[in-house]
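None of the figures in this text is laboratory data; all of them are computed from the coordinates on show. The structure displayed is predicted, hence computed values, not measured ones. Backbone-built Cβ (ideal geometry, glycine too); neighbour counts: all protein chains shown.
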Amino acid sequence: MPVEVLEADDGDMERLFEICSLAFNTNEPLWEIFWPKYLLDSGRKQGAERMRETRRTDPSTKYMKAVDEAGTIMGMAKWNIHDSKAAKTDVPKVANYWDQGEDLEYSTVISEIFSVKRNEAIPYQRKGVGHALVNWGTAKADELGIEATVESLFATRTALKEDR
């Protein structure tokens, strides 16, 4: 199955957040810290809006989608591409993951320490989706002459290493 990697637009964010929610599900404690309401419809709407806001306000952020021949979004990746002269801004100054209180404070601290792990394949596992997304980002880094860091869930690391 051919996989094409394209930059996502604002209209894709609901599907991209759905893919993340399904992939991380309840298997990744950090996901639950960063996206506490992701199992609820309201939380998924909030998550998609946060992704849109990040896309609009952080020039280093590129949300990429992997689509099939019919245009169905099968997978996603978030790349942060930094100009070597610019400050890195992977984490917002105030992490708006929780509405208020100690949970907000805790998630802000955690987000400054850890980066969110990325996609575990969902129904499109072993179809080249992850490889296509990683190849796009590493090719972009090569084109710009900068280093790239690839993050993945533990379960996907072996597959990514086999491709290198």
So, in nm, how far is label T149 from label D68 when the simple model puts each one 7 Å beyond its Cα toward the Cβ? 3.5 nm
Hey, which of these cross-link pairs are over 20 Å Cα-Cα: K45/K140; K37/K62; K65/K140; K37/K127; K45/K65; K78/K140? K45/K140; K37/K62; K37/K127
Label-to-label distance, nm, for residues given as I81 and K45 (7 Å Cα→Cβ offset): 3.3 nm
For segment 1-70, using Cα atoms only, the Rg and Dmax in Å read 12.8, 35
